[in-house]
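S.K.: Please see the structure below; I have some questions.
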Amino acid sequence: MSQDIAGRDDRPRAAARQEVARQVAELAAVYADRRAYLADAARFKAAGYRGTIGYFCTYAPEELILAAGYHPARIVAEPGMVGPVDGHLQSFACSFARGCLDQALRGHYDGLDGVVFPATCDSLRHAAEIWKRNVPQRFFHFMNFPSRLDAPGVAEYTAREMADLAEALGAFAGVGAAGVLAKLPETAALMAEVRALLGRLWEARLTWPLPPLTGTEALSVFLAGVVMERREYRDRLARLVAAVEALGPGAAGDAAAGGAGAGDAASVPVRLVVTGGVIEDPATIRLVEESGAVVVGDDLCTGTRSFVTSEAATGGAGAVAGTAGAGSPADLSGLARLYLAKVPCPTKHPIDRRVDSLLGTARRGRAAGVVFLLQKFCETHAFDQPYLTSRLTEMGLPSLVLEVEQGRLTEGQAGTRLGAFLEMIAGRREVAANGGASR
Amino acid sequence: MSDKTTGTSGATELRAAEPGPVKPAGRLKADADLKQLMGKYYNGVFWAHRLHRPIAWITSGAPVEPLYAMGITPVYPENYGAILGSRKCAVEYCEIAEGAGYSRDLCSYARGSIGSMMADRGPLNGRGLPAPDVLICAKNICNVVVKWWEVMARHYNKPLFILDTPYVPEEPVKPHQLEFVRGQLEEMIAFLEKHTKRRLSRSRLVRVLENSTKTVALWEEVQRYRQASPSPSSALDMFTNMAPIVAIRGTDACVKYYRKLADELKERAAHGVGPVPNERYRLVWDNIAIWHNFRLMKYFHERGAVFVGETYTNAWGEYSFSPEDYKDPIMAMARQYSGVLLNVGPEVRLGRLLKMARDYRADGVVFHSNRSCKTYSLSQYFLARGVQEQLGLPTLFIEADMTDPRAYADAATKTRVDAFLEILEGRKEAGGVGATAGAGAGGRTC
């Protein structure tokens with residue numbers, strides 16, 4: 001009989017875990033082959049869409065794109081060398097902005113009907129202007145979004161910017177702003193379901209003794225959701241959540257027995273939280289985990305910040321239940337409040353909610369350390385990092401800063417540094433286990 | 001907002017009417033006044049607390065007028081960053097910030113000033129800038145300042161006010177966006193009153209706005225004299241002479257200074273006196289100065305090239321107000337501070353650049369691709385194509401950093417400058433002239 005390290009029969013758990021892994025692999029395959037998925041116009045036509053509109057960033061209201069009858073597809077860069085972008089943006093521009101623009105200039109996004117850029121950072125603002133002039137698409141909208149989340153009248157202002165987007169989308173779709181707003185309750189409800197399901201998965205990763213998904217798997221699941229037709233994604237996600245919840249939280253002793261990130265029976269993975277911007281390649285997280293860790297939580301544009309409110313991330317309002325706790329907005333005012341309530345990204349002010357969310361995630365996830373994954377030349381993340389590091393240190397958490405360029409970690413160097421970081425954490429554990437004896 | 005690039009009247013006619021011999025120019029006489037004026041300003045900064053005057057650390061693009069109207073001393077960490085650059089000690093302070101974890105890829109003004117703040121050390125009086133009582137930051141010049149100001153506010157544990165300005169791709173600013181900014185400006189005034197225990201008098205605010213407007217008019221006059229050949233001043237003069245309009249805009253002393261500078265340039269223009277006696281190539285500069293290497297400017301001068309306009313110095317002509325504005329000064333400030341050069345779309349920027357190149361009869365445009373300032377630099381390839389296509393002017397890119405010399409290669413840059421000037425010379429010999437020649441003259445990029 002197969003037993004876990006506590007001597008229990010682990011066969012049912014291993015089977016359930018296999019089912020989770022199978023479903024995750026299917027979703028990962030969709031993301032890996034996203035260009036083919038998005039190019040399949042018949043799929044979207046059959047699902048009732050007018051076409052596909054790309055969008056950047058967690059602050060683009062997908063609900064409105066859906067309400068205009070378009071499939072929202074998030075723009076991500078593909079790892080690798082860049083080419084045509086060199087004629088438009090200097091090499092010291094953020095590598096994510098350069099990567100996305102490069103894909104577009106190569107024609108990879110020509111199949112889109114349009115694109116929505118929300119205001120975030122200086123580099124993406126410039127990328128938006130270059131995109132507008134050089135990528136042949138029929139719809140382009142730059143949506144101002146406040147940097148200051150506590151400004152007087154910020155919700156009204158955000159709602160008004162969203163109204164401008166609704167009007168532009170409505171005109172493009174031929175249904176007018178009224179047509180878009182009429183559909184909003186329905187699409188907002190769909191997105192609320194998606195976020196609530198993601199919230200349940202993220203909550204399980206964060207709080208269960210044995211995380212049901214590796215960070216690599218979780219990122220794949222998330223990324224599939226920014227590519228896939230949203231109803232199909234919701235259904236697949238519901239099945240995955242059911243499979244995960246069948247797996248159950250496990251116990252600390254199960255850690256080596258068929259759990260996510262499990263290595264051999266002698267090694268219990270180190271629980272880590274990662275923080276950074278857009279991580280578009282699951283291999284980046286895999287590299288972190290290969291060194292003997294499991295990423296139980298994140299503070300990423302491609303993760304928590306897309307669907308979790310800061311109140312939830314700090315442990316308030318119950319669990320990390322996505323934005324479901326905020327309800328499903330029926331109008332632009334509600335939609336604006338929803339987006340303003342998300343875990344803020346570093347382009348937003350004040351920083352307090354962002355810090356509290358990261359610390360809350362690390363605390364709730366019982367993380368042994370935090371890894372910064374910083375996009376090369378991303379100024380806002382780089383500015384925040386020393387402060388976040390100091391706050392993590394205050395709570396006794398070590399952290400490591402790694403740089404991501406063109407979507408990838410510099411593998412050899414990153415692997416070595418991660419290995420040293422995990423060894424340091426292991427050393428701390430040993431000291432703690434020995435009653436805190438000093439070295 | 002109207003295009004604030006300087007007009008075309010005045011200097012050219014003046015020079016044509018009195019075509020005296022070209023004479024070499026030394027330093028501006030006004031430089032001595034400038035030194036005294038800015039010395040006095042910094043003395044005021046260092047003495048402010050002893051005189052019980054509150055200090056606000058403020059961004060260069062933020063509305064300074066309410067501060068002067070309330071007797072609050074504004075301090076400009078950006079200007080301080082430029083000082084670190086021009087005194088060639090930026091690396092020393094940047095390295096302190098880098099040692100504390102701030103990436104070398106970040107803005108060098110920020111790194112330099114953070115380093116000086118952390119070490120409480122600096123070139124002006126041995127110590128860093130005096131601590132702020134409050135901090136004011138406007139996002140209209142970049143997102144970086146928001147993060148930079150957060151760092152400084154945390155360091156001193158002092159209250160910070162952020163003025164969030166929407167991006168304005170095309171003017172005019174939308175009414176709901178103006179209302180958003182206006183609401184924040186009102187909040188900013190309440191914030192200043194609360195934390196400095198001083199009241200804002202509306203009449204004093206209007207008086208300061210009037211001074212700002214007078215200053216801007218004089219600044220435009222100063223710029224206009226540069227349309228003369230030879231230009232009575234160069235970028236070297238203007239980069240240093242912009243300090244008052246940045247730091248003490250709105251004061252009587254600032255108005256007085258620019259009156260004097262304008263008179264001097266008028267006289268120079270009338271007598272054909274300029275920094276480049278044998279002026280052969282007239283150029284426009286885009287982006288912030290390379291503060292640590294003014295020798296590069298002299299390298300241009302020695303080869304007959306003079307910068308007759310800079311988008312950077314020209315941008316300070318954007319903060320003027322009309323008598324109509326004084327009825328609702330808060331809304332007027334909301335409008336003016338939303339439409340500044342770095343907060344508008346590339347077409348608007350290109351329009352201002354083309355107008356400048358035409359008005360100043362430029363032979364070419366030099367783009368400082370400034371590693372530190374993404375928001376200024378990342379549209380430059382678009383702007384360069386616009387200059388080439390619409391005016392037929394050659395363009396040159398110089399890779400550098402405004403204060404950090406580690407990101408600059410002098411020999412390689414000079415080679416590119418030589419090649420660029422050869423292109424300009426070829427055009428001269430072929431009978432091509434400046435920006436007034438019109439489009440299609442075969443612009444190239446070095």
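S.K.: Putting +1 on Lys and Arg Cβ atoms and -1 on Asp and Glu Cβ atoms, find which of B:Thr413, A:Phe92, A:Thr207 reaches farthest to the positive end of the dipole of the protein assembly as shown.
M.R.: B:Thr413
S.K.: Partner chain Cβ atoms within 10 Å, averaged over the residues of B:338-345 - can you pull that number for me?
M.R.: 1
S.K.: Gain in length, B:Ala412 to B:Ala119, computed as 0.36 nm per residue apart minus the alpha-carbon separation, to one decimal in nm? Please report the intermediate quantities before stating the final value.
M.R.: Numbers: separation 293, 0.36 × 293 = 105.48 nm, distance 3.45 nm.
Full-extension gain reported as 102.0 nm.
S.K.: List the pairs from A:Lys342/B:Lys147; A:Lys45/A:Lys183; B:Lys40/B:Lys374; B:Lys147/B:Lys414 whose alpha-carbon separation is above 23 Å, in the order I gave them.
M.R.: B:Lys40/B:Lys374; B:Lys147/B:Lys414
S.K.: For a label point 7 Å from the Cα of B:Arg198 along Cα→C-beta, name the residues of segment B:63-92 whose backbone N is under 16 Å from it.
M.R.: B:63-76
S.K.: Kindly identify residues of segment B:144-187 having a loss of at least 40 Å² in accessible area between the isolated chain and the assembly of all protein chains, probe radius 1.4 Å.
M.R.: Listed in order, they are B:Val144, B:Lys147, B:Glu150, B:Arg154, B:Ile162, B:Asp164, B:Tyr167, B:His176, B:Phe180, B:Glu187.
S.K.: Any idea of the accessible area per residue across chain A, 1.4 Å probe, to the nearest Å²?
M.R.: Spelled out: the 1.4 Å probe surface of chain A, per residue, equals 34 Å².
S.K.: So what's the angle, to the nearest 10 degrees on a 0 to 90 scale, between helix A:215-225 and the longest Cα principal axis of chain A?
M.R.: That helix lies at roughly 20 degrees to the long axis.
S.K.: Follow-up. When chain B is modelled as a GNM with alpha-carbon springs shorter than 10 Å, which of B:Asn143, B:Asn370, B:Asn211 fluctuates the most?
M.R.: Looking only at B:Asn143, B:Asn370, B:Asn211, the biggest GNM fluctuation is shown by B:Asn143.
S.K.: Okay, moving on. Given a Förster distance of 45 angstrom, what is the FRET efficiency for A:Glu156 paired with B:Asn278, based on the Cβ-Cβ distance and rounded to 0.05? Don't skip to the answer; put the middle values down first.
M.R.: Details: r = 61 Å, r/R0 = 1.35.
Efficiency at R0 = 45 Å is approximately 0.15.
S.K.: By its C-alpha gyration tensor, with a ≥ b ≥ c as the square roots of the eigenvalues, how is segment A:1-154 shaped: rounded for a/c under 1.5, else prolate for a/b larger than b/c, else oblate?
M.R.: prolate
S.K.: Further question: Give the long-range amide H neighbours of A:Gly54: residues separated by 5 or more places, or on another chain, with amide H under 5 Å away, using H modelled in the peptide plane at 1.01 Å from N.
M.R.: Answer set, sorted by chain and number: A:Ala73, A:Asp113, A:Gly114, A:Val115, A:Val116.
S.K.: Right, another one. If you place +1 on the Cβ of every Lys and Arg and -1 on the Cβ of every Asp and Glu, how big does the dipole about the Cα centre of the protein assembly as shown come out, in debye to the nearest 20?
M.R.: 1660 debye
S.K.: Let me ask something additional. Which value, in Å² and to the nearest 10, is the accessible area of B:Glu171 when all protein chains are kept and the probe is 1.4 Å?
M.R.: Near enough 60 Å² of accessible area.
S.K.: Stick to the Cα atoms of segment B:210-322, pair each with every other, and give me the Kirkwood hydrodynamic radius in Å at one decimal.
M.R.: 14.2 Å
S.K.: May I pose another question? In what sequence, highest mean first, do B:301-308, A:240-247, B:284-291, B:96-103 appear when ranked by Cβ atoms within 10 angstrom?
M.R.: Final packing ranking: B:284-291, B:301-308, A:240-247, B:96-103.
S.K.: Count, for each residue of A:130-140, the Cβ atoms from other chains sitting within 10 Å of its Cβ, then give me the mean as a whole number.
M.R.: Mean partner-chain Cβ count within 10 Å for A:130-140: 1.
S.K.: Once ligands and nucleic acids are excluded and a 1.4 Å probe is used, how much of B:Glu347 is accessible, expressed in Å² to the nearest 10?
M.R.: B:Glu347 has an accessible surface of roughly 100 Å² with all protein chains in place.
S.K.: If we count every other residue with Cβ under 14 angstrom of A:His381's Cβ, Lys/Arg +1 and Asp/Glu -1, where does the sum land?
M.R.: Summing Lys/Arg as +1 and Asp/Glu as -1 gives -3.
S.K.: With every protein chain present, what accessible area does B:Asp120 have (1.4 Å probe, heavy atoms only), rounded to the nearest 10 Å²?
M.R.: Number for this one is 60 Å².
S.K.: For Cα pairs less than 8 Å apart in space and 6+ apart in sequence, what is the mean separation divided by the residue count of segment B:11-437, i.e. the relative contact order in percent?
M.R.: 20 percent
S.K.: Right, something else. Cα centroid distance between segment B:410-427 and segment A:155-216, in Å?
M.R.: That distance is 54 Å.
S.K.: For segment B:185-197, what does the Karplus curve 6.51 cos²θ - 1.76 cosθ + 1.60, with θ = phi - 60°, yield as ³J(HN,Hα) per residue in whole Hz, taken in order and with x for Gly and Pro?
M.R.: Karplus values, whole Hz, x for Gly and Pro: 5, 5, 5, 4, 5, 4, 4, 5, 4, 5, 8, 10, 6.
S.K.: With a bin width of 5 angstrom, please list the P(r) values of segment B:129-275 as percents of all Cα-Cα pairs, from the 0 bin to the one holding the largest distance.
M.R.: Using 5 Å bins, I get a P(r) of 2, 8, 12, 14, 16, 16, 13, 9, 6, 3, 1 for segment B:129-275.
S.K.: For chain A, count all C-alpha to C-alpha pairs, find those more than 31 Å apart, and express that count as a whole percent of the total.
M.R.: 38 percent
S.K.: Separate question: Mind checking which of B:Val348, B:Val208, B:Val151 has the largest fluctuation in a GNM of chain B, springs on alpha carbons under 10 Å?
M.R.: Highest fluctuation among the options: B:Val151.
S.K.: Mind checking the per residue accessible area of segment B:265-333 for me, 1.4 Å probe, whole number of Å²? Walk me through the numbers before you get to the answer.
M.R.: On the way: 2140 Å² over 69 residues.
I get 31 Å² per residue for this part.
S.K.: Keeping every protein chain in place, order B:Thr251, B:Thr165 by accessible area at 1.4 Å, biggest value first, i.e. largest first.
M.R.: B:Thr251, B:Thr165
S.K.: Follow-up question, since we're still on this one. If one computes the Cα centroid of segment B:158-212 and of segment A:58-102, what distance in Å separates the two points?
M.R.: Distance between centres, Cα-based: 34 Å.
S.K.: Round to a whole number: what % of the accessible area of segment B:11-437 belongs to carbon and sulfur, probe 1.4 Å?
M.R.: Within segment B:11-437, the accessible surface is 53 percent carbon and sulfur.
S.K.: Let's test the formula: R0 of 45 Å, r as the Cβ-Cβ distance of B:Glu324 and A:Gln413. What FRET efficiency results, to the nearest 0.05? It would help to have the intermediate numbers written out before the result.
M.R.: Details: r = 61 Å, r/R0 = 1.36.
Calculated transfer efficiency: 0.15.
S.K.: Largest first and in whole Å, what are the equivalent-ellipsoid semi-axes of the protein assembly as shown based on the Cα gyration tensor, each being the root of 5 times an eigenvalue?
M.R.: Values for the protein assembly as shown, descending: 51, 30, 27 Å.
S.K.: Once you place label points 7 Å from the Cα toward the Cβ at A:Val431 and B:Glu98, how far apart are they in nm?
M.R.: It works out to 3.0 nm between the two label points.
S.K.: Keeping all protein chains in place, calculate the accessible area per residue for segment B:339-429 (probe 1.4 angstrom), answer in Å².
M.R.: Values: 2520 Å² over 91 residues.
Here the residues of segment B:339-429 average 28 Å² of exposed surface.
S.K.: Which value in deg cm²/dmol, rounded to the nearest 500, describes the helix-derived mean residue ellipticity at 222 nm for chain B, given -39,500 (n - 2.57) per DSSP H run of n ≥ 4 and division by the residue count?
M.R.: When only DSSP H runs of four or more count, the value is -15500 deg cm²/dmol.
S.K.: Mind telling me which of A:Val274, A:Val296, A:Val30 comes out most flexible in a GNM of chain A, alpha-carbon contacts under 10 Å?
M.R.: Of the options given, A:Val30 has the highest mean-square fluctuation.
S.K.: Another one. How big is the C-alpha Rg of segment B:11-437 next to the rule-of-thumb value 2.2 N^0.38 Å, as a ratio?
M.R.: In units of the 2.2 N^0.38 Å rule of thumb, it is 0.96.
S.K.: Enter the mean number of other protein chain beta carbons within 10 Å of the beta carbon of each residue in A:117-123, as an integer.
M.R.: Taking the mean over all residues of the peptide, I get 4.
S.K.: Can you tell me which of B:217-228, B:265-276 comes out highest on packing, and rank the rest after it, using the mean Cβ neighbours within 10 Å?
M.R.: Order by mean packing, descending: B:217-228, B:265-276.
S.K.: Using a 1.4 Å probe on the heavy atoms of the protein chains only, list every residue of segment A:72-114 that has 20 Å² or more less accessible area in the complete assembly than in its chain alone.
M.R.: A:Gly87, A:His88, A:Gln90, A:Phe92
The values are calculated or read from the model by the stated rules, or taken from the named source; none is laboratory data. Worth saying up front: this structure is predicted, and the values here are computed from it rather than measured. Cβ sites come from the backbone with ideal geometry, for glycine too, and all protein chains shown count toward neighbours. Heavy atoms of the whole protein, side chains included, go into the accessibility calculation; ligands, DNA and RNA do not. Shrake-Rupley method; radii C 1.70, N 1.55, O 1.52, S 1.80 Å.
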